[in-house]
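Below: one structure, written as structure tokens.
The values are calculated or read from the model by the stated rules, or taken from the named source; none is laboratory data. Computed from a prediction, not measured in an experiment: that's the story for all the values here. Every residue, glycine as well, gets a Cβ built from its backbone with ideal geometry; the counts of neighbours run over all protein chains shown. Note: accessible area is taken over every heavy atom of the protein model, side chains too, but ligands, DNA and RNA are not part of it. Shrake-Rupley method; radii C 1.70, N 1.55, O 1.52, S 1.80 Å.
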Amino acid sequence: MHPAPSVIVFTTLSGLGFGLLIWLGLGLPAVTGWVAFAFFAIAYALAVGGLLASTFHLGHPERAWKAFSQWRSSWLSREGVCAVAALLVMAAYGAGLVFFDTRLAALGWVGAVLSLGTVFTTSMIYTQMKTVPRWNTPLTPALLIAISLAGGALLAGEISAALILIPIAGVLQILWWVRGDGAFAASGTDMATATGLGNIGTVRAFEPPHTGTNYLLREMVHQVGRKHAMKLRGIAFGLGYVLPVALLLLPFSHMLAIVAVLAHVAGVAASRWLFFAEAEHVVGLYYGKR
Amino acid sequence: MTTLPETTTRKLGLVIDLDTCVGCHACVVSCKGWNTENYGAPLSDQDPYGADPSGTFLNRVHSYEVQPLATSAMPHPAAQLVHFPKSCLHCEGAPCVTVCPTGASYKRVEDGIVLVNEADCIGCGLCAWACPYGAREMDQAEGVMKKCTLCVDRIYNDNLPEEDRVPACVRTCPSNARHFGDLGDPDSDVSQLVAERGGMDLMPEQGTKPVNQYLPPRPKDTLDQPKPAGDIDILAPFLEPVMDEPKGFLGWLDRTLEKI
């Protein structure tokens, strides 16, 4: 799949932002006034910034409001509804903390659940794709939720929680990569089922329908970067999981914490780039590219 | 509404004969010709006369080489070339419809055609991801998703002569490799053709339940195989040599040259 920068930025930043909102909703850390304002500003900048980035890849962003209508069937629509509901509820909850020194606990819990729901619905947009076997697994929501909770804990300064959640996310990341590498072959979709010609013999693409490229090839048969996939996995794992844990285990300083957060975000972004760049869509079979 | 209908009254679709398709791409051209100037946004091209041309097509023809396995009777079986037209299969379980966040994609209850309401399409591209067949292409000029409409603006069009009320690809196919009809009616011509020829689903394991069916190529003549006993070719006797010995001038020349 084409690793569109807008979608990578969106899933990375908004995952982190909603992760922070989950912790803030639970009252961890229990902040009020200007400190709460700073936390909420960071969370909203990440969550809303990510959502705005995601609209950049739309053909018609001005019609994006219509995406709230199909929550009965569409995970993308559910994500939109969940995200807006989470942001509204958390805004009310945050206003209580910042301006009135009051923690409306129940509202915070609702906001936390909605924020978690946003991360979950985002992950289901990818998980539901039977056409991309690498994504089509319960490990995908598990991984994306773990990364969001771990990143949120890191930003919220919940060090002990982060020290548990980052390794969990790291283990899920490894499992997701290992399972993903065999997913296409295990899906049962191949040239034989794509063409229905398998009972005659071995099928090979002889001639594509056109000499140039097309939307399908650009969007879904993206091959760039597979060469460095293993190196990038190493970088993603080292920056995203190993380094933050190592830095958190050192005596606490704000400088180290900032480095840990930046390393984590960079690592997750690299992992997210691979999430798309390594994903093989079954339509590639018709072009003999799998 | 992007939930799929439980059932559709009819299941209009195509039956594509992989045995008779000659790979001429006439259906590709006629499809683009009709659909660029009728339903919805035109099918744009980018850099059409330049170094890197690409464009939106609703129907494309692939070609595959199928190599049969060697057997003791046929140690070197000839590969077979199969031309493979591919457009939207108007699936009963269309995954492209349910993922649509705006309700732009829908499957019609009356005839099962899968369409895009372009005024509602935000161009997110998710439906193209959900389709295993590559049937949907985002138009780069318009920013909306384009797909085969089964020529919905031809098949019900009273302004056209009756023989033209079929999809443009079907109307134009010079080798009758494309057939249009109601695959929900077991007595329709297309359903009978599917039953007779063993029509198949593409990627059945994807669970899309495509309406369009593909007819597999018939077994080919095998020139390099030993001839079966008996006269199987009714034309062969007519092609037997009618004369063993040349006559006339050529006969004289032949006999004279033999003597030298």
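Here A:THR193 fulfils each of the conditions (1) without any contact (Cβ under 8 Å) to a residue 60 or more places away in the chain; (2) surrounded by 20 or more Cβ atoms within 10 Å (Cβ to Cβ); (3) more than 7 Å from chain B (Cβ to nearest Cβ) apart from (3).
Given the criteria part of a helix (DSSP H, G or I), among the hydrophobic types (A, V, I, L, M, F, W, C), more than 14 Å from chain B (Cβ to nearest Cβ) and open to solvent by 30 Å² or more (accessible area, probe 1.4 Å), does A:LEU247 qualify? Walk me through it before giving the result.
Details: part of a helix (DSSP H, G or I): yes; among the hydrophobic types (A, V, I, L, M, F, W, C): yes; more than 14 Å from chain B (Cβ to nearest Cβ): yes; open to solvent by 30 Å² or more (accessible area, probe 1.4 Å): no.
Judged against the criteria, A:LEU247 is not a match.
Filtering segment B:103-120 to residues that are away from chain A (no Cβ under 12 Å), part of a loop (DSSP other than H, G, I, E, B) and surrounded by fewer than 24 Cβ atoms within 10 Å (Cβ to Cβ) leaves B:ARG108, B:VAL109, B:GLU110, B:ASP111, B:ILE113.
Which of the following residues is outside any helix (DSSP H, G or I), more than 9 Å from chain A (Cβ to nearest Cβ) and not polar (S, T, N, Q): B:CYS148, B:CYS100? Lay out the reasoning, then the answer.
Values: B:CYS100 fails: more than 9 Å from chain A (Cβ to nearest Cβ).
Unique residue meeting the criteria: B:CYS148.
Of all residues in segment A:7-44, those satisfying the criterion of being outside any helix (DSSP H, G or I), more than 26 Å from A:GLY267 (Cα to Cα) and open to solvent by less than 50 Å² (accessible area, probe 1.4 Å) are A:GLY27, A:VAL31. In segment B:233-248, the residues that are touching a residue at least 24 places away in the same chain (Cβ under 8 Å) never reach a residue that is exposed (fewer than 10 other Cβ atoms within 10 Å of the Cβ) and part of a loop (DSSP other than H, G, I, E, B) with C-beta atoms less than 8 angstrom apart, at least six apart or across chains.
Residues that are farther than 20 Å from A:ALA269 by Cβ and in a helix (DSSP H, G or I) were ranked within segment A:176-190; the one that is farthest from the other protein chains (Cβ to nearest Cβ) is A:VAL178.
To keep it simple, each residue is scored yes or no on (1) within 20 Å of the chain's Cα centre (by Cα); (2) away from every other protein chain (no Cβ under 14 Å); (3) free of Cβ contacts under 8 Å to residues at least 12 places away in the same chain.
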| residue | (1), (2), (3) |
| --- | --- |
| A:GLY240 | yes, yes, no |
| A:MET255 | no, yes, yes |
| A:ALA266 | yes, yes, no |
| A:ALA269 | yes, yes, no |
| A:ALA279 | yes, no, no |
| A:LEU285 | no, no, no |
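Would you check if A:SER123 is in contact (Cβ under 8 Å) with a residue 60 or more places away in the chain, among the polar types (S, T, N, Q) and either within 11 Å of chain B (Cβ to nearest Cβ) or closer than 28 Å to B:ASP120 by Cα (or both)?
Working: in contact (Cβ under 8 Å) with a residue 60 or more places away in the chain: no; among the polar types (S, T, N, Q): yes; either within 11 Å of chain B (Cβ to nearest Cβ) or closer than 28 Å to B:ASP120 by Cα (or both): yes.
Answer is no for this residue.
Of all residues in segment B:30-58, those being more than 9 Å from chain A (Cβ to nearest Cβ) and in contact (Cβ under 8 Å) with a residue 24 or more places away in the chain number 15.
Within segment A:108-147, which residues are among the hydroxyl-bearing types (Ser, Thr, Tyr) and closer than 25 Å to A:LEU24 by Cβ?
Taking segment A:108-147 and keeping what is among the hydroxyl-bearing types (Ser, Thr, Tyr), we get A:115, A:118, A:121-123, A:126-127, A:131, A:137, A:140.
Matches in segment A:108-147: A:SER115, A:THR118, A:THR121, A:THR122, A:SER123.
Could you tell me how many of the residues in segment B:20-40 are modelled with pLDDT of 95 or more, surrounded by 15 or more Cβ atoms within 10 Å (Cβ to Cβ) and not in a helix (DSSP H, G or I)? Reasoning before the result, please.
Narrowing segment B:20-40 to residues modelled with pLDDT of 95 or more: B:20-36.
Still in the running and surrounded by 15 or more Cβ atoms within 10 Å (Cβ to Cβ): B:20-21, B:23-32, B:34-36.
Remaining after also requiring not in a helix (DSSP H, G or I): B:20-21, B:23-25, B:36.
Of the residues in that region, 6 qualify.
Would you say B:PRO85 is crowded, with 24+ Cβ neighbours inside 10 Å, in contact with a Leu (Cβ under 9 Å, 6 or more places away or on another chain), assigned to a strand (DSSP E or B) and not aromatic (Phe, Trp, Tyr)? Against the criterion (crowded, with 24+ Cβ neighbours inside 10 Å, in contact with a Leu (Cβ under 9 Å, 6 or more places away or on another chain), assigned to a strand (DSSP E or B) and not aromatic (Phe, Trp, Tyr)), B:PRO85 qualifies. As for segment A:64-74, it holds no residue that is within 10 Å of chain B (Cβ to nearest Cβ), in contact (Cβ under 8 Å) with a residue 40 or more places away in the chain, more than 14 Å from A:PHE18 (Cβ to Cβ) and open to solvent by 10 Å² or more (accessible area, probe 1.4 Å).
Okay, residues lined up against (1) more than 15 Å from the chain's Cα centre (by Cα); (2) surrounded by 14 or more Cβ atoms within 10 Å (Cβ to Cβ); (3) at the interface with chain A (Cβ under 10 Å from one of its Cβ atoms):
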{"position": "B:ALA130", "(1), (2), (3)": "yes, yes, yes"}
{"position": "B:VAL144", "(1), (2), (3)": "yes, yes, yes"}
{"position": "B:ASP153", "(1), (2), (3)": "yes, yes, no"}
{"position": "B:ALA168", "(1), (2), (3)": "no, yes, no"}
{"position": "B:ARG178", "(1), (2), (3)": "no, yes, no"}
{"position": "B:ASP187", "(1), (2), (3)": "yes, no, no"}
{"position": "B:LYS220", "(1), (2), (3)": "yes, no, yes"}
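Here A:ALA205 meets the list (1) more than 7 Å from chain B (Cβ to nearest Cβ); (2) in a strand (DSSP E or B); (3) not aromatic (Phe, Trp, Tyr) almost entirely, failing just condition (1).
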